[in-house]
Amino acid sequence: MKKVLKCGTLFTAVDEKVQKDVAVVVEDNKIVKVAPVAEVDTKDAEVVDLSDKFVMPGLIDGHMHIGMNGSPTMDAVYRELDTYVSLKAVNYAKADLLAGFTTVRCEGDVGFVDISVRQAIEEGLYIGPRMQCSGLPVAATGGHGDHHFKPGITGNYFGTICHTLDEVREATRFTFKYGADQVKLMATGGVMSDADEPGAADMTYDEMRVACEIAQMHGKTSSAHAHGAAGIKNAIRAGITSIEHGMLMDDECIDMMVEHGTYLVPTIIAAYRIVERGVAGGIPADNVRKAELCLKNHYDNLKKCVKKGVKIAFGTDTGTPYSPHGEQKFEFILMEEAGIPAAQILQSATIVCAEMMKRDKTVGSIEEGKFADIVAFDANPMEVGMKAMLDCTFVMKDGVVYKG
Ligand SMILES: [Zn+2]
């Protein structure tokens, strides 16, 4: 069935331009034509009138966790069976889709929950975004991802804990074997993990290099949870695709990201919500302390990253405390506060994320031949600011209208 979307204002994300009165023609699940309304034949087509809306490509959240939904502590993750987490996670996927996120990148979950949810969506059992999954992250003993504190237990949960280069190779192959699209590495300590410090490097350059090598052999991408400058530099030199958070970077990190073409996924909202809700919100004091430390210099560093031309990809760390699925749009406001220009923010949440995920041939912009993933808002964020992004009123994924 042919659909013609009459778009009053259109941002294709191919460039920074906004176009007026453009029609997007969709056949089955693909965009087949983008042309002025006057030039498009609507005979035998279903017309979708978006003439009073701001239309853009489906949003992409480049960093989220499908198995978590904003609880103040990590307790639920460690007490619930993976099967139960999966049952809840399909609802989170639906919330993301209806908020306008037609593609997401999962940055690690327990028990391959992300892979299961991805399969259920692809098979049409549930509705949700297209998903790029990490499966089980790869981590170091005592680092971010190593969450149990009984010395007699040698297993692990949120990630595969490795001690040697061969174990890193094996863990990377293991997550790919069970369906991961990329490998997630825990380069430094984190905020919501106990007994580590975000500024301290955990995985070594050599450990990350062998993981990146395996990923490259499989034609896959990689990402590094990294706050401290030393860990960020190790990851960049190892050939990582993206730095996640990067909240304690220094100027040399910025230069290296530019030089190596490494993406930065700032996830401002993750630290922001933890600081905002704090101990009063039931978040453990040590986690709040670490979030405050991380957030302190983040805005200044982001301004430098924009100035120097670092590729910034939109990501939210949704699932972390007080960041439930479907509510991650607030990151748009925080990016605006960080001084990132409007068009660049919109591209970061579309084409830049798609490029980072190596999916830009199929998603990330409104162009002929790409999947019909299209969303709309009542106001133009280029005119009224990013508050327009808080309420997505039309969602089409794969040519199917889910909202509006
Ligand atoms: Zn995360």
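Below is a table of values for the structure above.
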read-out	value
Selection from the stretch 40-61 of residues that are acidic (Asp, Glu), outside any strand (DSSP E or B) and in contact (Cβ under 8 Å) with a residue 12 or more places away in the chain	Asp44
Criterion violated by Leu185 - all others in (1) within 24 Å of Ser71 (Cα to Cα); (2) more than 16 Å from the ligand (Cβ to nearest atom) satisfied	(2)
Cβ pairs under 6 Å, 6+ apart, first in the stretch 315-327 and more than 9 Å from Tyr92 (Cα to Cα) and assigned by TED's automatic domain parsing to the domain that holds Lys88, second small (Gly, Ala, Ser) and within 9 Å of the ligand (Cβ to nearest atom)	Asp317/Ala270; Thr320/Ala270
Per-region count, the stretch 218-229, residues more than 15 Å from Lys358 (Cβ to Cβ) and either out of contact with any Ser or Thr (no Cβ under 8 Å at 6 or more places or on another chain) or of a type in the set (A, V, I, L, M) (or both)	3
Where a residue in the stretch 211-235 is at negative phi and crowded, with 23+ Cβ neighbours inside 10 Å and its partner, wherever it lies, is part of a strand (DSSP E or B) and among the aromatic types (Phe, Trp, Tyr), with Cβ under 9 Å and at least six apart	Ser223/Tyr263
Residue that is farthest from Arg359 (Cα to Cα) [pool: residues in the stretch 201-217 that are hydrophobic (A, V, I, L, M, F, W, C) and in contact with a strand residue (DSSP E or B) (Cβ under 8 Å, 6 or more places away or on another chain)]	Ala201
Test: residue in the stretch 72-90 that is surrounded by fewer than 18 Cβ atoms within 10 Å (Cβ to Cβ), assigned to a loop (DSSP other than H, G, I, E, B) and away from the ligand (no atom under 16 Å from the Cβ)	yes
Matching residues, the stretch 54-69, being among the aliphatic types (A, V, I, L, M) and within 16 Å of the ligand (Cβ to nearest atom)	Ile60, Met64, Ile66, Met68
Given (1) free of Cβ contacts under 8 Å to residues at least 40 places away in the same chain; (2) closer than 19 Å to Thr350 by Cα, number of the condition Thr83 does not satisfy	(2)
Test: Arg105 is within 16 Å of the ligand (Cβ to nearest atom) and among the basic types (Lys, Arg)	yes
Residue within the stretch 289-300 that is within 17 Å of the chain's Cα centre (by Cα), within 16 Å of the ligand (Cβ to nearest atom) and modelled with pLDDT of 95 or more present	no
Subset tally (residues that are polar (S, T, N, Q), surrounded by fewer than 24 Cβ atoms within 10 Å (Cβ to Cβ) and within 16 Å of the ligand (Cβ to nearest atom)) for the stretch 303-352	0
Those residues of the stretch 220-266 which are more than 18 Å from the chain's Cα centre (by Cα) and closer than 16 Å to Asp61 by Cα, in sequence order	none
Residue that is nearest to Ala200 (Cα to Cα) [pool: residues in the stretch 215-263 that are within 14 Å of the ligand (Cβ to nearest atom) and among the hydrophobic types (A, V, I, L, M, F, W, C)]	Ala226
Contacts under 9 angstrom Cβ, first residue in the stretch 100-112 being closer than 23 Å to His147 by Cα, partner of a type in the set (Lys, Arg) and modelled with pLDDT of 95 or more, 6 or more apart	Cys106/Arg118; Cys106/Lys184; Glu107/Lys184; Gly108/Lys184
Whichever residue in the stretch 192-214 is within 14 Å of the ligand (Cβ to nearest atom) and in contact with a Ser or Thr (Cβ under 8 Å, 6 or more places away or on another chain) and, among such residues, is farthest from Gly70 (Cα to Cα)	Pro198
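The values are calculated or read from the model by the stated rules, or taken from the named source; none is laboratory data. These numbers were taken from a predicted model, which means no experiment stands behind them. Cβ sites come from the backbone with ideal geometry, for glycine too, and all protein chains shown count toward neighbours.
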